[in-house]
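Right, one structure below, let's go through it.
Every number in this text was worked out from the coordinates using simple rules, so none of it is lab data. Here the structure is a predicted model, which means the values were calculated and not measured. Here the Cβ positions follow ideal geometry from the backbone for every residue, glycine too, while neighbour counts run over all protein chains shown.
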């Protein structure tokens, strides 16, 4: 009945200790492993045949490749394709975690901000380090717009830097909040059925059809959101990588 | 067996369609190549990240909030380290708000990204 209960982290077994901190294998880690193994199995099995006329599995794998590849090309340019493995991994990982989370009794890993923040910070550091490696200090011209009078330049530059630093926050919060809110809404509507049945008896159970219909609709919406948020996460990764590849233009 | 029944109207196409089929396949391949080439050669245009109004709205709101939060956090930390409370918070909250608005305008495509000529 508690809509927050589904997000609880449970220690399945202990792996070891690091100082005073226990390193445990949690349900979150379990679902991440399931996602990774599931994805690996799917992609390896789907591409094993390599037929000219693809099977359904191979077609799905090719579609996901084409989808991500065209996304990377259109946002980060042809040069961005060197980051294709990175973006593809992030997209498929987030997508499968979101989708696995929709299965009843499954744990939604991406509803924890620590996971999405870790992904977003990885992207942020990749952009920063690759930008510095590729362009040197010239990369910081990203913060200095052209054609701005010198006397307001300090103000503009500090605003640009703050805007740059705020990227991983909006990047991670968006995915986390969407998944959290969606799953809470599902649980709350499911709770209405139990409450109605408990309070009004048979009439209540009959009335429970209404929230149940709502759950069916919300689950469909959540499928859309799960895909959309994985897509948005990957597109923003591409847009940020584009800044690292061409900070100038 | 299959060869025997092929000529008897089960198959409406003439028997010499193997050559025609391979010619059609080749033409299709050429057309696919020419259709997919322009998108490959385009370098670095930006598309907005939005696939639906819902995602769009959510993106705008998080961009604004993220800017303000980062500004407030940096201002608070500067206050603590330099002991100039409340000036750091005031200045950086305002800067953060400006950064948030800039983020939103960029996400909406109102303002272009920085353009420099290397």
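At a glance:
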| quantity | calculated |
| --- | --- |
| Shielding score for B:58-71, defined as the mean number of other chain Cβ atoms within 10 Å | 6 |
| Whether the range A:66-124 is rounded, prolate or oblate, judged on the alpha carbon gyration tensor where a/c under 1.5 counts as rounded | oblate |
| Shape category assigned to the range A:12-143 from the gyration tensor of Cα positions, a/c cut at 1.5 | oblate |
| Separation between Cα centres of the range A:120-148 and the range A:192-249, rounded to whole Å | 34 |
| Global geometry of the protein assembly as shown, whether rounded, prolate or oblate, following the gyration tensor of its Cα atoms and the 1.5 cut on a/c | oblate |
| Inter-chain Cβ neighbour average for residues A:136-143, partner chain, 10 Å | 1 |
| Cα centroid separation - the range B:72-106 against the range A:22-46, whole Å | 40 |
